[in-house]
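Read-outs: derived from the displayed coordinates by stated rules, not from any lab. Keep in mind that what you see is a predicted model, and the values were worked out from it rather than measured. Positions of Cβ are generated from backbone atoms using ideal geometry, with glycine treated the same way; all protein chains shown enter the neighbour counts.
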Amino acid sequence: MSAVGQNTVAVLVERHATEDGGESVAGPTLEALTLARSLGTPVAVWIGGSPSEDAVELLGDYGAAQVRVIAEDVRVASAAALALREASRDAEIVLVVSTFVNKEIATRLAVLTGAGVVVDAAGASVVDGHVETVQTVFAATWNVRTRINRELAIVGVRPNTTLAVAVEDAALPAVVEVPFTVPATRETVVSVEPVAASDGTPLAEAPVVVSGGRGTGGDYALVRELAELLGGAVGASRDATDEGWISHEHMVGQTGTTVTPALYVACGISGAVHHRGGMQASGTIVAVNLDPDAPIFEISDFGVVGSLFDVLPQAIARIREVRGV
Amino acid sequence: MRILVTVKFTPDLQSNRSFTDGAVTRTADDGSMNELDENAVEAALQLVEAAGEGEVYALTVGGPDAVAAVRKALQLGVTHAIHVSDAGIAGSDVFGTAKVLAAAVRRVHEEAPLDLVITGMAALDGLTSMLPTALAVELDWAQLTLASSLTVADGIATIERHLPDAHEVVSAPLPAVVSVTDEANTPRYPNFKLIMAARSAPVTVLTLADLGVVPSTVGAGAARVTVLDASPRPPREDRVIVTDTGEGGKQLADYLLERGLA
C-alpha cells in the first residue's frame with residue numbers, strides 16, 4: 001500500500017428506489033465517500049444501470065474523483081464481486097456499506113483477489129501502510145481494533161458511523177464506463193418482488209429509531225407518531241414481528257437490522273440479548289417500560305418506568321408544545 | 001438425501017466473554033452450539049424426514065471444547081458427528097476456517113456425494129456471516145444465502161430470502177451451500193432418548209494431516225486480518241431512570257429537548 005494520498009479507494013454505491021420510480025444515492029454511501037477521503041482518492045463504483053446527472057454531481061460533492069459505471073444488471077453476489085473487481089483493479093482499498101448482500105460480495109472479492117476483509121467496521125485509517133479498522137463485537141459490548149495484513153483491503157462500513165461531509169468546491173467527476181460481461185452463475189434469481197419504498201429513511205440509515213415491542217400489544221400508532229415527529233424510522237423487537245404486528249423489515253436485532261442511530265427509543269421492549277446486539281452501539285438510548293427490572297434499562301441513558309400509552313402521548317405533546325407546532 | 005451441517009461452538013451470549021491474545025476465550029461451561037446453527041440442523045432434519053431417507057452430518061472445527069457443538073447436534077438427531085481439532089487451526093480467520101471445513105466436507109462428499117451443506121446465517125459471537133460464502137467459494141459449489149425457506153426437488157435447491165429492498169426466490173443445482181435464517185423454521189427440542197444416545201455416540205476426530213491441509217495455509221500465521229487490541233466498551237455514564245408518576249412523558253421530552261435530540 002502506498003502513502004495515504006496515493007491510494008485509490010473504490011466505493012461501491014448503494015441506492016434506494018424513490019417513490020417516483022427513480023433512484024437516489026443512499027446516505028451511507030456519502031458517509032463511505034467521506035471516510036474514503038481520509039484514506040486516499042475516492043472513486044465511486046456504480047453497478048447496474050447508469051447514474052443520473054444529479055447522482056454524479058452528488059457523488060462528486062462527497063469526494064468521488066470519478067464515477068465508474070458497469071451498466072449491466074448484476075443481481076447474483078458471485079457476479080457482482082467480479083464486476084466490482086473489474087471496476088477496482090487499481091484500488092488499494094475497497095469500501096462497501098456493510099449490508100448482508102455486500103458482505104457476501106466483499107467475501108467473494110477477497111477470495112478472488114487475496115485481499116484482507118473486515119465487515120461491520122465503525123471506522124478505518126491507514127497506519128504505517130496498513131489499513132486499520134475499529135468495530136464492536138459480542139452484541140456491541142466490546143471494541144476491537146484490527147489490522148488488514150494484505151495489499152488490498154476491503155472494508156464493510158456500518159451506516160451512521162462516519163458523519164457525511166461534502167467537499168468544498170467539488171469538481172464534477174468524470175463518468176467512466178467499465179466494460180463487463182455478466183458471467184453465467186450457478187445461482188438463478190427466479191423472481192424479485194421489490195419491497196415498497198418505505199415512507200422515510202431506511203431503518204439501518206435512520207438518525208433516529210423509535211421501536212416498539214411486546215408492550216405495544218400490537219398498537220404502533222404512538223410509536224409511529226413519535227418516530228415521525230423525531231424524523232426517524234420505526235423499529236420493532238423480534239416478539240413483535242413474530243406476532244405479525246409489524247413486518248420483518250422493521251426488526252431490530254442481531255438477525256434483523258443492526259442500527260446505530262444518534263437516538264434510539266425503545267418502547268415496551270424488555271431488551272433481550274438478541275435485540276440489544278442490534279442497537280446497543282446507538283448514540284443515546286432511551287427506554288419506556290412497565291417493568292423496572294427490564295434489561296433494556298441497564299443500557300439506557302434515560303429510562304421511564306411506566307406505560308408507553310401514558311408516557312408517549314405526554315412526550316409527543318410536550319415536544320410539539322416546545323417547538324410551537 | 002445426504003446433508004452436512006456446519007456448527008460452531010460459541011460462548012453463551014449471556015455470559016461474560018473475553019479476548020486473550022486477540023482471540024475469543026471460550027470455555028465449555030459457558031458455551032454450546034451457536035444458536036443460529038440450530039436452524040441449520042432443523043432444516044437438514046426436515047429435508048431428510050420429508051425425503052424418507054438420508055443422513056445428516058454435523059461438522060465443527062475448534063479446540064477440545066468444540067465437541068459440545070456436535071454433541072448438541074447429535075441430541076437434535078443428526079446421524080454423524082465430525083470434529084476437526086488441531087493446534088494448527090488456532091487463530092484462523094474466516095478463510096482459514098473455510099479451508100479446513102471444505103477439506104472435511106470434501107472427505108465426506110468423496111465417501112458418497114452430498115446434496116447440501118447447510119449453515120446458520122451467522123455466528124452470534126462474531127456475526128459477520130462471511131463463513132458460508134467463504135466455504136461455498138472454497139468448495140466451488142453453488143451458494144444460496146439467507147434462506148427463510150428451503151425446498152429441494154429434482155436436483156435443484158430453491159430458497160426464498162427477504163432482503164431490505166426485495167423478496168427474492170433463488171435456485172441453484174445441487175450440491176449447494178445454503179445458509180438459513182432464524183425465520184426458516186423452529187428448532188426442535190432434544191428428546192430424552194437422543195440426549196442419552198448422544199452421550200456415547202461416536203464423534204470422528206480429524207486433524208489437519210488427516211485432511212491433507214497444509215498447516216501454513218491456516219491458523220494465525222495465514223490470517224489476513226490481525227486483532228490488535230480489544231477492550232470492553234465502557235458502561236453508559238450518568239444513566240437516569242425515573243418512575244412515571246404523571247410527569248414521565250414530560251421528563252422524557254425534556255431530556256431529549258435539552259440534548260438537541262428532539
Checklist entry - Out of residues 5 or more away from A:ALA287 or on other chains, whose amide H comes under 5 Å of its own, with H placed 1.01 Å from N in the peptide plane? => result A:ALA266, A:PHE302, A:GLY303, A:VAL304
Checklist outcome for this item: Of the candidates A:GLN254, A:PRO183, A:LEU222, the farthest towards the positive dipole end of the range A:183-325 (Lys/Arg Cβ +1, Asp/Glu Cβ -1, centred on the Cα centre) is A:PRO183
Checklist entry - Listed highest first by mean packing, meaning other Cβ atoms within 10 Å per residue, what order do B:168-177, B:155-164, B:112-121 come in? => result B:112-121, B:168-177, B:155-164
Checklist outcome for this item: Using alpha-carbon positions, the gyration tensor of the protein assembly as shown gives root eigenvalues a ≥ b ≥ c; with a/c under 1.5 called rounded, otherwise prolate if a/b exceeds b/c, else oblate, the class is oblate
Item to check | Debye, to nearest 20: dipole size of the range B:102-178, +1 on Lys, Arg Cβ, -1 on Asp, Glu Cβ | outcome: 100 debye
Item to check | Cβ crowding within 10 Å averaged over residues, with A:116-129, B:226-239 ranked highest first | outcome: A:116-129, B:226-239
Next on the checklist: For q values of 0.14 Å⁻¹, compute log₁₀ I(q)/I(0) with the Debye formula on a Cα-only model of the range A:123-262, without solvent.
Outcome noted: -0.98
Next on the checklist: Just want the answer: with Cβ charges of +1 for Lys and Arg and -1 for Asp and Glu, which residue in B:ALA104, B:ILE241, B:MET130 is farthest toward the dipole's positive end in the protein assembly as shown?
Outcome noted: B:ALA104
Checklist entry - Can you list the aspartates and glutamates whose alpha carbon is less than 18 Å from that of B:LYS99, not counting same-chain residues fewer than 8 positions off? => result A:GLU104, B:ASP86, B:GLU110, B:GLU138, B:ASP140, B:ASP210
Checklist outcome for this item: Rounded to whole angstroms and listed largest first, the alpha-carbon spread of chain A along its three principal axes comes to 59, 46, 44
Next on the checklist: Given an 8 Å cut-off on Cα distances and at least 6 residues of separation, report the relative contact order of chain B as a percent.
Outcome noted: 23 percent
Checklist entry - Dividing the Cα radius of gyration by the Kirkwood radius, what Rg/Rh value follows for the range A:5-45? => result 1.11
Checklist outcome for this item: So for R0 = 35 Å, FRET eff. of B:ALA51-A:SER247 from the Cβ-Cβ r, to 0.05, ends up at 0.60
Next on the checklist: If I model a spin label at B:ARG236 and A:GLU298 as a point 7 Å from the Cα along the Cα→Cβ vector, what separation in nanometres do I get?
Outcome noted: 1.4 nm
Checklist entry - Does the range B:104-229 classify as rounded, prolate or oblate by the C-alpha gyration tensor (a ≥ b ≥ c root eigenvalues; a/c under 1.5 gives rounded; else a/b over b/c gives prolate, otherwise oblate)? => result rounded
Checklist entry - Over the alpha carbons of chain B, what is the largest minus smallest coordinate on each principal axis, giving the biggest first in Å? => result 69, 42, 39
Checklist entry - Across the range A:128-135, in residue order, what do the Karplus-derived ³J(HN,Hα) couplings come to in whole Hz, using 6.51 cos²θ - 1.76 cosθ + 1.60 with θ = phi - 60° and x for Gly and Pro? => result 6, x, 10, 7, 10, 10, 10, 7
Item to check | Set B:LYS8/B:LYS193; A:LYS103/B:LYS250; A:LYS103/B:LYS72 screened for pairs whose C-alpha atoms are more than 31 Å apart | outcome: A:LYS103/B:LYS250
Item to check | Cβ-placed point charges (K, R +1; D, E -1), dipole of the range B:32-98 about Cα centre in debye, nearest 20 | outcome: 160 debye
Checklist outcome for this item: So, relative contact order of the range B:117-177 in percent, Cα under 8 Å, 6 or more apart, is 32 percent
Item to check | Peptide B:220-230 - average C-beta neighbours from other chains (10 Å radius) | outcome: 6
Checklist entry - With the contact rule set at Cα under 8 Å and sequence spacing of 6 or more, what percent relative contact order holds for chain A? => result 14 percent
Checklist entry - How crowded by other chains is B:138-147, given as the mean number of beta carbons from other chains within 10 Å of each beta carbon? => result 3
Checklist entry - Taking every residue in A:12-19, how many Cβ atoms of other protein chains lie within 10 Å of its Cβ, on average? => result 1
Item to check | the range A:52-115: C-alpha gyration tensor shape, a/c 1.5 cut-off, then a/b vs b/c | outcome: prolate
Checklist entry - Using the beta-carbon distance between B:HIS167 and B:GLU258 and R0 = 41 Å, what value does 1/(1 + (r/R0)^6) give for FRET efficiency, to the nearest 0.05? => result 0.45
Checklist outcome for this item: Answer in debye to the nearest 20: the dipole magnitude of the range A:170-301 about its Cα centre, from +1 Lys/Arg and -1 Asp/Glu charges placed on Cβ, is 240 debye
Item to check | Stokes-Einstein D for the range A:1-127, Kirkwood Rh over Cα pairs, 37 °C, 0.692 mPa s (µm²/s) | outcome: 224 µm²/s
